[in-house]
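The values are calculated or read from the model by the stated rules, or taken from the named source; none is laboratory data. Predicted, not measured: the structure shown is a model, and the values here were computed from it. Counting neighbours? That spans all protein chains shown, and the Cβs are built from the backbone with ideal geometry, glycine included. Ligands, DNA and RNA are stripped out before the accessible areas are found, and what is left, the full protein with its side chains, is counted by its heavy atoms. Shrake-Rupley method; radii C 1.70, N 1.55, O 1.52, S 1.80 Å.
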Amino acid sequence: MTHFSNGNTGIPNTGLNTAALNVGIVYNFAPQTTAIKSENALQIPEFPRHISYDLVVFSSYCRSGATFNDEAKMSPDRYPVVGFNFNPMYNVNYRFRAGASLDGTWDSSGGLQAIQTEAGLCSIGGSCSEDKFEFIRTDVSKQFSLGLSARVEYVMPFFSINAGIGHSLYAGDPGQRGLYQTLALKTAITRNLFLHVGYRLHKFHEPNYLMIGFGYRFHNLFPRLR
């Protein structure tokens with residue numbers, strides 16, 4: 001399954017979801033016929049179950065708007081977003097982790113207000129100009145939010161996929177209160193340092209922002225296989 005989107009960095013953000021089935025054939029032209037001696041075979045160690053801690057910092061920007069007379073107005077500007085995730089995870093085995101995450105965000109579009117600066121006019125011929133608005137940011141406290149989410153993670157060599165669902169503990173902007181969802185890809189750079197690319201939704205359908213940043217894993221007891 002594939003999701004195409006601009007990550008709410010532009011308007012419109014219509015999005016497109018596609019599903020496809022792929023079938024392939026693999027043929028080995030040089031089959032290995034010599035048995036591997038047991039003393040040379042890779043011995044996979046027993047997995048030590050443990051708790052690791054991922055600390056992620058990210059930034060991005062998003063498009064937003066405000067309501068004027070019960071009508072949504074979209075701002076032409078882009079607003080920076082900065083955040084962090086502190087993610088304790090219980091490592092169950094080589095393929096699966098589960099845990100929780102404390103998610104903090106500063107979204108500069110929080111508390112955005114629309115002020116009408118010029119009313120639209122209609123000419124005798126019937127053509128009309130649009131109303132003009134100015135968008136202002138108000139109280140800084142409305143730009144911060146803090147939430148707690150449950151996370152699961154599927155682990156692969158060099159990559160892992162992290163998904164979560166959470167609820168806000170504090171959100172200065174009423175539009176950010178309630179349930180939110182995250183999906184992220186973690187790409188290993190070193191044993192503990194990784195690239196984090198993710199996306200956050202609000203109430204399963206409202207786009208929030210991309211999460212592009214770096215993370216570091218503490219107390220990583222994952223066995224070294226080579």
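Data for the structure
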| item | result |
| --- | --- |
| Residue match in region 170-181 (condition: within 17 Å of the chain's Cα centre (by Cα), open to solvent by less than 80 Å² (accessible area, probe 1.4 Å) and under 15 Å from G215 (Cβ atoms)) | no |
| Per-region count, region 201-219, residues at pLDDT below 95, touching a strand residue (DSSP E or B) at 6+ places or on another chain (Cβ under 7 Å) and among the charged types (D, E, K, R) | 1 |
| Region 85-106 - residue that is part of a strand (DSSP E or B) and among the hydrophobic types (A, V, I, L, M, F, W, C) and, of those, surrounded by the most Cβ atoms within 10 Å (Cβ to Cβ) | M89 |
| Count of region 191-200 residues which are loosely packed, with under 13 Cβ neighbours inside 10 Å and either modelled with pLDDT of 95 or more or in a strand (DSSP E or B) (or both) | 1 |
| Breaking point among (1) open to solvent by 50 Å² or more (accessible area, probe 1.4 Å); (2) among the β-branched types (V, I, T); (3) more than 18 Å from the chain's Cα centre (by Cα), for V82 | (3) |
| Hits in region 2-56 - residues which are at pLDDT below 80 and surrounded by 10 or more Cβ atoms within 10 Å (Cβ to Cβ) | H3, S5, N6, G7, N8, T9, G10, I11, N13, G15 |
| Qualifying residue in region 127-147 (condition: over 30 Å from N69 (Cβ atoms), aliphatic (A, V, I, L, M) and without any contact (Cβ under 8 Å) to a residue 60 or more places away in the chain) | yes |
| Single match in A119, A114, A66, A72 (criterion: open to solvent by 50 Å² or more (accessible area, probe 1.4 Å), at pLDDT below 80 and within 22 Å of P12 (Cβ to Cβ)) | A72 |
| Test result for V152, at pLDDT 95 or above, β-branched (V, I, T) and not in a loop (DSSP other than H, G, I, E, B) | yes |
| Whichever residue in region 41-70 is of a type outside the set (G, A, S) and either without any contact (Cβ under 8 Å) to a residue 12 or more places away in the chain or in contact with a helix residue (DSSP H, G or I) (Cβ under 8 Å, 6 or more places away or on another chain) (or both) and, among such residues, is farthest from Q176 (Cα to Cα) | Q43 |
| Checklist (1) assigned to a strand (DSSP E or B); (2) exposed (fewer than 15 other Cβ atoms within 10 Å of the Cβ) applied to R217, failing item | (2) |
